[in-house]
Each structure stands twice: as C-alpha cells, then as structure tokens.
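Values quoted throughout were computed directly from the atomic coordinates according to the rules given, and no laboratory measurement underlies them. Just so you know, these numbers come straight off a predicted model, no measurement behind them. With ideal geometry, Cβ positions are generated from the backbone for all residues, glycine too; neighbour counts draw on all protein chains shown.
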Amino acid sequence: MERTTSPRRRASRNAKAWVRTAILAVCSLAVLLPFFVGISMAFKTTDQAVEGQAFDLPRPWSMEGFREAWELTNFPTVFTVSLTITAVSVVGSVLLSAMASYAIARNWHRPFFRFSCYYLLAAMFLPFPVLALSQVKLSGYVGLANPAGVILLHIMFQLSFNVMLFTAFIRGLPEELEESARVDGASASRIFWTLIFPLMGPMTATVAIFTLLASWNDFMMPSMIIANPDMQTLPVVQKMFQEQFSNSYNIAFASYLLAIGPSIIAYVFCQRWVMSGLTQGALK
Amino acid sequence: MTTDTAPTRTDQRPNRRLAPLRRRRRIEPVFYLFLLPALVLFSLCITLPALMGIFYSFTDSVGFGGFHMVGFKNYAVLFSDPSMLRVYGFTIGIALATVVLVNVVALFLAIGLTSNIKFRTLLRTVFVLPMVVSAIIIAFVFQFIFSTTLPAFAESIGFGPLTDSILADPHLAWIAIVLVTAWQATPQAMLIYIAALVTIPDDVYEASSLDGASSWQQLTRITVPMISGYVLINVILGFKNFLSSYDIIVGLTDGGPGTATRSVAMSIFKGFETGDYAYQMANSVVFFLITLAIALLHMRISRGKANI
C-alpha cells in the first residue's frame, strides 16, 4: 500500500475511497431509517403520531410519550427485573463457563473432560423451541417459573458458545506460565483465579457482551417461563402496545427506545471487544 | 485455530519427554469441582427436558393430568397432517430465502467495510446496530413501517400496489418476514466475513490487478474461494437459526393472516394453548432431528474443508 507514491495515483485512490464511502453511506440508510422512524415517532404528541406520517419531524418535540410509557410499562420495576436477569446471567455465565473451560482445556487428555466438552457443545444446535414445553413444565414443578428460572436457562443456553470461546482461548495460553506457579506450590484453583482468569480478560469481555445482548434482548424465554406478568422483562412488556394500545404510536415508540437504549449504549462502549473476540476464536 | 495450534505447540515443545510424565500425574480434585456445576445444571436444564420431550411424544398427554402411551401415533399424524407440512414448507422456505439474502448483503458490506474507505469505524458501528437491538422490538417497528408508513407513502406518490399493507396479504407477508429477519441477522454474518477478509493478504490482490484482473474476477476468483470455509459456516449456522425464527414473525404478523406465516416454532409454542402437548412434542423431536442433521453436516464440513 505504501508503494503508491505518485500524487496522481494517490488522488485516484482517494477518490475511489470517497466513492466507496458514499455507496456505503447510502446503504447505511437501510439501517438508519428505521431508527429515525422510531426516534421521530417517540417524540411526537399523540395527535401528530396517529397521522402515521413517520418521516415528518415532531412539531413540537414532546416528552409526553416517554412519560406515559414510563408509567404504562411500570418502567422502573420492569427495568430492574431485566437488569437483574441480564447482570446475573452475565456473571453466572462467565464464571461457570470459564471454570468449566479451564478444567476441560487442561485435562483434554482425560476422556471424561473431553467428552464433557462435546456434551456441552452439542447443545449449540438445540433450538429453544424444542425444549420449551418441557422446560415450562419443569420450571413450574420446581418453583422456577420466575426470573430466577430465566437466568438459569440463559446461562445454560449460552454455555456451549462460551465454553467454545473460552477453551480455544485457554489452549492458546502457554502452559509454561502455570508450570512455574505449580513448582512454587500453587493449587489449580489458585492458579486459575490469580493467573488464568485475569489473563482471559479480552475473551471474558467478548463472552460477557454476547451473553448480555442475548439475555437483555430475549423475548421467547421470559414470555414462556415467567408466570407472573408483573415480573416480566422489557422486550415482553412491549407486546402490550400491540394488544391494548394499538394507536398510541408515540407511547409505543418511546417505550421501545427506553427498552433498547441500554443495549445500544453498552454496545457502543464495548464494540472493539466484539470484533477482537470473534477474530480470536469464535470460529475456531 | 484450536484444532491446529494445539498439536503444533506440542510438537514444537523442546522437552517432549515431559508430556507422558504429566499424564501420569494425579489429577487435582478441584478440576472436577470446576466442571461439575456446569455439567449438573446443564443435564437438569437441557438434557432432562429433552428426554422428557421424547418420552411425552409417545403419549397422548395434554400437558397436565394422566396420559397413555400411544406409540408412534403422534408421528404418524404429524407426517400426514397437511397443515403441518405447510408449516414446515413455509419455515424451510423462509430460512432458505433469508440465508441467501443475508449472505449476499453481508459479504458485500464486509468487502466494503474492509476496503479503503473514510469513517470506517463509524460505518462499522452503524451496520452492526441491528444486531444489538431486541428482535421483537425490531419486528414491532417494522410492523408499523409496513402497515402504516409505507402505505401512506405509496398513497402520497400514487403508487397503487403498495397502498395496502403487505403484512395483510397472505401471499406477500413472507417477503416482509424475510426482509426484517435479514435486516437483523446481517450484522453477525458481516462480522464473521470481516474477520475472514482481514486474513487475506493484500499482495494477492495487488498481484492479480497487475495481471489485469477486474474487480468482479477478484471477487469470484480470489475473495470468495479464500473465505469459502466461512461462507459455509455462515450459511449453515444461519439456516439453523432462521429455522427456529420466532420473535420476528410474532412481532410482524403473529403467524397471520390466517396461518399463512406460521413457523414450526410458533406451532410448537401453541402446544399448551391448544391442548395438543404430546403432538407438539413429536413435532419438537422431528424439528430437533432436522437441526441435528444440519449440525452433523456442519461438523463434517468444518472439520474437513474449512479448517478454521
């Protein structure tokens, strides 16, 4: 790339880059327009929203939709439930799959650990609908038809993917590091917590983001498992605007924005790890 | 990388005599403690319901109360039920159409986003956004766009065919489902393609352009063959994911109009409401066998050809 020294070639390269950028920018409208529709609808008054002209800007800009969505969805409670489910799922998933992956990666020569790994990975191709009805039945029996049950299932359904990423990553760490700690008399558990787990930082971030998005955005599992409607999550609650308030578009869209805002913010802050995680092992 | 780095590393180790020594050493019990919680919970939450489902598929259970064993009756009914065959046909058709659309668009975007462009980080962030948002909410937003915005827009420019919502048309609603599913699924495929494309060295393209290759030739003769393993993975994983489509269909059409857009996942979920629990369990088992077949295909291919 550095060899193109002549100014004319550099100018043509530059022009091409601008053309490509322009094409991609036009394509990005396909992503941005729905977001624009969502935002412009959310800030309208109810009167203007029922006109249904999505591309008109709000006049005047109104917070009415947000205020009503906040109350209708009982936002503080639902948000707390969603946040709790997501946070515990992320922490639980990271710990459980990191520990299991370390045991598997360092005992790969023992059949029990190797087969355990295949056993856990097998679920990657098991769609939730296949298990749904039995899981609803079971969770009802054992008193887990609530957010705790959803947390457990989120962790379990994420386990395969996370174990795959973590084992790949741990195998890439040189074993010599541990050998020296072992010579100094450290136990496997001590080695894991003080040496390996901190080294897994970048992969932990990736795993945490994927688990966070899957858990925060999930609609199917909470809608099936959680029996008490007052303990539902944000995506599930949005359904009420389709069923009961079908013409309150501004309130519906304000509520959607409130629900997706946190995941967008989390993503924008963490996006560099998504790419690095994928290149480090997602496909291996 | 796992599959090829692990053996290489062992081979390159200077003191290979250590390996057998290590194998003989007694295992620390703590390794079992690390693995067991995952194994036990996994068995209870995933394996047990799966076995339960298989068991109930041979009964006449309605989801509660007593039941009798009925052998393969549910399966026999399933395979001779025209509405069920239509649901399977619809689901597979949607999955195929979406896989094609997603991969073409994702590859095009990935090539654009890895080439020499301005504002690369910003553009990448924008194109990944759909992946970050809950599918059900995406479906609700598009439901509004298809049923209100587009007809109003079509009317204002006097374009007849679109003045009615395509979601209300049993023959066209699937198009909306494919478009919105693709809209949401493209970023993930695109990220995988970006990860693949950055591994192709620049000089391959430089050499080929010195030989006078056109951009199209570069795409079909260099880019696609070099990342064929990733294309396969994307196609198979995508197909498996789109088969169990649920959120987006619920949000867009809820299976309607009538039952024109009902997917396999939706009919399974209706098992409790309609009291045909055992029947839908048989449906789940069949559905699982289909995804299992895809999984085995995936493993064969990724071990054989892709090697990534």
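Here are the numbers for this structure:
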item	result
Equivalent ellipsoid semi-axes, chain A, via Cα gyration tensor eigenvalues times 5, rooted, Å	40, 33, 15
By average C-beta atoms within 10 angstrom, highest first, the peptides A:216-225, B:39-48	A:216-225, B:39-48
For A:28-38, mean number of other protein chain Cβ atoms within 10 Å	5
The protein assembly as shown, Cα convex hull volume normalised per residue, Å³	193
Taking the C-alpha atoms of the range B:129-251, convex hull volume expressed per residue in Å³	153
Karplus-derived 3J(HN,Hα), 6.51/-1.76/1.60, for each residue of the range A:48-64, Hz, glycine and proline x	6, 5, 5, 4, x, 7, 5, 8, 6, 6, x, 9, x, 5, 10, 9, 3
Shielding by partners, peptide A:213-222 (average Cβ within 10 angstrom, other chains)	4
Placed amide H near B:SER165: partners under 5 Å, 5+ positions off or other chain	none
√(5λ) per eigenvalue of the Cα gyration tensor, the range A:108-234, largest first, Å	35, 16, 14
Rounded to whole Hz, the Karplus (6.51, -1.76, 1.60) HN-Hα couplings of the range B:80-88, x for glycine and proline	10, 8, x, 5, 5, 4, 5, 4, 5
Subset of A:LYS239/B:LYS240; A:LYS44/A:LYS239; B:LYS73/B:LYS240; A:LYS137/B:LYS73 violating a 24 Å alpha-carbon distance limit	A:LYS239/B:LYS240; B:LYS73/B:LYS240
Placed amide H near B:THR59: partners under 5 Å, 5+ positions off or other chain	B:VAL70
Span from the the range B:179-246 Cα centroid across to the the range A:176-195 one, whole angstrom	42
Excluding exposed DSSP-loop trypsin sites (Lys or Arg not before Pro) (at most 16 other C-beta within 10 Å), longest clean stretch of chain B	B:119-269
Options A:LEU32, A:SER62, A:VAL78, ranked by Cα towards positive dipole end of the range A:1-125, top entry (Cβ charges)	A:LEU32
For residues of B:140-152, the mean tally of beta carbons on other chains within 10 Å	5
Ranked list, fewest to most other Cβ atoms within 10 Å of each Cβ, for B:VAL70, B:VAL77	B:VAL77, B:VAL70
Ranked A:PHE125, B:PHE64, criterion: other C-beta atoms within 10 Å, fewest first	B:PHE64, A:PHE125
Mean separation of Cα contacts under 8 Å (6+ apart) over length of the range A:37-129, as relative contact order %	16
Value of Rg to Rh for the range B:59-218 (Rh from inverse mean 1/r over Cα pairs, i.e. Kirkwood)	1.15
J(HN,Hα) series, the range A:174-181, from Karplus relation 6.51 cos²θ - 1.76 cosθ + 1.60, nearest Hz, glycine and proline x	x, 6, 4, 3, 6, 4, 5, 5
Mean Cβ neighbour count within 10 Å, used as a protection proxy, ranking B:271-283, B:183-195 highest first	B:183-195, B:271-283
Average projection area in nm² (convex hull over Cα atoms of chain B, one quarter of hull surface)	25.0
Loop GluC sites (Glu not before Pro), the range A:29-118 (other Cβ atoms within 10 Å of the site Cβ: 12 or fewer; DSSP)	A:GLU51
Long-range Cα-Cα pairs in the range A:30-89 (distance over 14 Å), rounded percent	63
Footprinting exposure proxy for B:THR220, B:THR261 (fewest neighbouring C-beta atoms within 10 Å first)	B:THR220, B:THR261
